1. Treat the count of other C-beta atoms within 10 Å as a stand-in for reagent exposure and order 43, 134, 207 from fewest to most.
2. Please sort by residue number the chymotrypsin sites (Phe, Trp or Tyr not before Pro) in the stretch 39-82 whose DSSP state is loop and whose Cβ has at most 16 other Cβ atoms within 10 Å.
3. Going from the alpha-carbon gyration tensor of the chain, what semi-axes, largest first and in whole Å, does one get by taking the root of 5 times each eigenvalue?
4. Please identify the trypsin sites (Lys or Arg not before Pro) of the stretch 167-264 that satisfy two criteria: DSSP loop assignment and at most 10 other Cβ atoms within 10 Å. Which are they?
5. Rank the residues 5, 125, 91, 189 as a footprinting-exposure proxy: fewest other Cβ atoms within 10 Å of their Cβ go first.
6. Using a Gaussian network for the chain with springs between C-alpha atoms less than 10 Å apart, which of these wobbles most: 180, 89, 75?
7. Run lengths n ≥ 4 of DSSP H only: what is the helix-derived mean residue ellipticity at 222 nm for the chain, with -39500 (n - 2.57) per run over all residues, to the nearest 500?
8. What full-extension length gain, to one decimal in nm, is calculated for residue 63 and residue 153 as 0.36 nm per residue of separation minus the Cα-Cα distance?
Amino acid sequence: MTATTVFVSGANGFIASHVVKQLLEKGYNVVGSVRSASKGDKLKELTKSDNFSYEVVPTLDAEGAFDEALKRHPEVTVFLHTASPVTWEATDFEKEIIQPAIKGTKNALAAIKKYAPQIERVVVTSSIAAVADLQSDPKKIYDEDSWNSITYEQGLQNGILAYVASKKFAELAIYDFIKEEKPTFKVSTVQPVYVFGPQAYGIDGALNVSAQFVNSIAQLGPSDKITEQSGSFIDVRDVAKAHIVAFEKDEAIDQRLVLVSEPFSFDGIARVINENFPDSKVPKGDLAKDEELKKNVHNYNTSKTHKILGFDFIPFEQSIIESVKQIYESK
Ligand code: NAP
């Protein structure tokens, strides 16, 4: 039997590299899209696999961005759309963050409908940003049916709001497309909180925004101050695994899979580093502050997601230890 071929957009990204790695390990063929041939060649070399190939898709928002890539691969039957701007820094928030996210999603779906009618399953990497408001309401429990109340106009105010709006409105674009175009493919979304964890193929160059959170604490010196920051975390390997379950299981069709492992604070990250890496110079991390900061984190009920996925998530401590081990070893 010929193996299923899966298309992964933004294949060199932090999350997508793990998706590619796990797909190859499971015996799938993978076609990844990247922004340049040099990025594609690098990923090809890292995968060490004949079952990986790449297509160059330089910009998400160019009209027909995915058309040629899909025309060249009639063997693809699953499309995982992970590519989207993951940055809070831009001079033009709408042009550089919001629109590429929305248009990228629309372009991917339109190309599938027009040039790849054999594609049956589509998984889009959305975000918790589309689910929960930025400020937590301690009385509120967010679940798979929750939506961030942010408006498009609010998204134009700064980089963080632009990213949040980009994820919400890119996801809404999926449902508009389904309503208007009535495609034959089935869609699932994956909605992770902050994604930590080691890089799929080792550290080579700058880390993405969320992996950089852990790296920034790992690089602190004894007298450095720990920023007051908290949130919820999920390990990147679980996020990758969820993308695969999302197209393998029929129960995931039309579902928003909300991925939340545990709450964290930067003090908590420092504590784990301190306890597990005796040679590190990272400050101890204030346990009381860690507990206090974690109280401000959103509450979730994601039992529906857990039932569909059917696997347990990697705990915070393990994820931090494995990320930091890789960081220190790469020095
Ligand atoms: P990442 O490492 O920055 O990967 C993003 C990917 O998208 C890269 O391949 C990047 O290409 C590509 N990309 C970005 N802007 C593009 C554009 N304008 N045109 C074409 N390609 C573009 O980030 P990640 O953390 O893996 O994120 C992957 C997905 O997960 C995103 O949809 C993100 O919103 C979502 N997500 C991430 C987190 C998190 O904490 N990391 C949490 C929730 C959801 P280059 O490498 O060439 O720039």
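1. Details: 43 21, 134 13, 207 17.
With the fewest neighbours first, 43, 134, 207 line up as 134, 207, 43.
2. Here no chymotrypsin sites (Phe, Trp or Tyr not before Pro) fit, given the DSSP loop and packing criteria.
3. Details: eigenvalues 203, 106, 70 Å².
Calculated on Cα positions only, the semi-axes equal 32, 23, 19 Å.
4. On the way: sites: 167, 168, 179, 186, 225, 237, 241, 249, 256; in loops: 225, 249.
Answer by residue number: 225.
5. Numbers: 5 19, 125 29, 91 7, 189 25.
Placing the least packed residue first, the sequence is 91, 5, 189, 125.
6. 180
7. On the way: 11 runs with 131 residues, N = 331.
Computed mean residue ellipticity for the chain: -12500 deg cm²/dmol.
8. Values: separation 90, 0.36 × 90 = 32.40 nm, distance 2.39 nm.
In short, 30.0 nm is gained.
Laboratory data are not the source of any read-out in this text; all were calculated from the coordinates shown. All values derive from a computational prediction rather than experimental measurement. Neighbour counts run over all protein chains shown; Cβ positions are idealised from the backbone, glycine included.
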